[in-house]
1. Given the DSSP H assignment, sum -39500 (n - 2.57) over each helix run of at least 4 residues in the chain and divide by its residue total; what's the result at 222 nm in deg cm²/dmol, nearest 500?
2. On a 0 to 90° scale, report how tilted helix 129-146 is relative to the longest principal axis of the chain, with both axes built from alpha carbons and the result rounded to the nearest 10.
3. Compute the signed sum of charges (Lys and Arg +1, Asp and Glu -1) over the other residues within less than 12 Å, Cβ to Cβ, of PRO128.
4. With just the Cα atoms defining each centre, how far is the range 222-263 from the range 124-189? Give it in Å.
5. In degrees between 0 and 90, to the nearest 10, how far off the longest principal axis of the chain does helix 73-83 point, with axes built from Cα atoms?
6. Based on the mean of other Cβ atoms within 10 Å per residue, sort peptides 266-273, 146-153 so the most packed one is first.
7. Tell me the angle of helix 47-57 to the major Cα principal axis of the chain, expressed in degrees between 0 and 90 and rounded to the nearest ten.
8. Extension gain LEU244-LYS124, at 0.36 nm per residue separation less the Cα-Cα distance, in nm?
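Each reported figure results from applying straightforward, stated rules to the coordinates on display, with no laboratory input. From a predicted model like this one, the values you see are computed outputs, not experimental measurements. Note: ideal-geometry Cβ built from the backbone for every residue, glycine included; neighbour counts use all protein chains shown.
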Amino acid sequence: MNISIVIPLYNEEESLPELFAWIKRVMEDNGFTYEVIFVNDGSTDGSWKVIEALCAKHREAVRGIKFRRNYGKSPALFCGFQAAQGDVVITMDADLQDSPDEIPELYRMITEEGYDLVSGWKKKRYDPLSKTIPTKLFNATARRVSGIKNLHDFNCGLKAYRKDVIKNIEVYGEMHRYIPYLAKNAGFTKIGEKVVHHQARKFGKTKFGGLNRFFNGYLDLISLWFLSTFGVKPMHFFGFLGSLMFIIGFIAVIIVGVSKLYAMSHGMPYRLVTDSPYFYLALTSMIIGTQLFVAGFLGELISRNSTERNKYQIEKTI
Ligand code: UDP
Ligand code: MG
C-alpha cells in the first residue's frame, strides 16, 4: 500500500463526507493504493455514524477507530500511527483546512527526495490573529530548542512521514506539536518542509482555543528538551547544578570562618557568624546543592528502572 492517511477528529461530522470524497478523487487521479484511517477522538456529535456509513460504502479504503472518550489529538494520532500500513503516512486535520491536493507532492518528496518527514507550512494562514501571533512565537522557540532550523510551522496538521518514522516515535500528551522534534530525537534527521494551502474553517470551530494551550505548549517543549538531553543521564544535569551550589556555599563558609578567625587572632572586634549575610548564603547554597545532588541520584535510580532504558533506535542489522 502506498499511502495511509490518518485523520484525528473531534466533532467534525459536517466535514467528513466532503473530505473523504476529495481524498478519494486525488488518490484515484494519481493511481495510489491507499487507506484512510479516521480516529474518532470521543466525538459527541454524529461523526462516528458518518464514519460507519463511509466505511460501509468504501470498505477497501476506509478504516475507523473510535475512542470511548476524548483523549486529545496526540493519542488519536498515536493510535492511527499504530494501525497505519502504507509506506508513506500522511496526517491531516478533519476540518477541511488542509488540502488533499498536496498529497501527491508530499508523497513524492518522501519517496523520491528521501525525506523522513515533510511538514506542511501554512505560509498564508486563514486563522484569527489570536492564533497566528502566539504561533509565530512558539515556532521561533521550538526552532531554537529543537535545533531544527528549517521548519517554520511545527504544528501544521498536514505532514507526511516515512513509515519507519511513525512506527518508532511515541506521540503522547500534547506532543503532536513537536512531532518533528520527536522524530529528530529518534534519529530521523532528514526533515523537510513544503508550503501548503490553508483555508478558513468551513464548519464548526477550533478545538484549540485559549491561553493554556500556549503555556502547556512551552512546558511540553521544556520537558522534551530535558528528556532528550538528560533523559538517560539526569545526574549530569542535577549533579552539575548541585556541585555549583555546593561550591558557592563552601566558599561562603570559608569567607565567614576565616574572617572571624582573622579578626579574633588580631584582636579586632568581631561578631557572631550568624550576623554575617554570608552565613545564610552558605547555609542555603549547601542545602540546595545537596538536594539537587539527591535529585540527581533519584533521577538515575528511576531511569535505571525504566522499561525504556535499553530502547535504542536500530536502523539495520545484517
Ligand atoms: N482534534 C482531535 N481531538 C481533540 C481536538 C482536536 O482529534 O481533542 C482534531 C480536530 O478534530 C481536527 C484537528 O484535531 O481534525 C485539529 O483541530 P483544530 O482544527 O480545531 O485545530 P486548529 O486548526 O484550530 O489549530
Ligand atoms: Mg483546524
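1. For the chain, the value works out to -16500 deg cm²/dmol.
2. Compared with the principal axis, the helix lies near 60 degrees.
3. Numbers: positive: ARG125, LYS131, ARG201, LYS205; negative: ASP127.
Surrounding charge for PRO128 is +3.
4. 34 Å
5. 60 degrees
6. The packing order, highest mean first, is 146-153, 266-273.
7. With rounding to tens, the tilt is 40 degrees.
8. Values: separation 120, 0.36 × 120 = 43.20 nm, distance 4.76 nm.
Gain on stretching LEU244 to LYS124: 38.4 nm.
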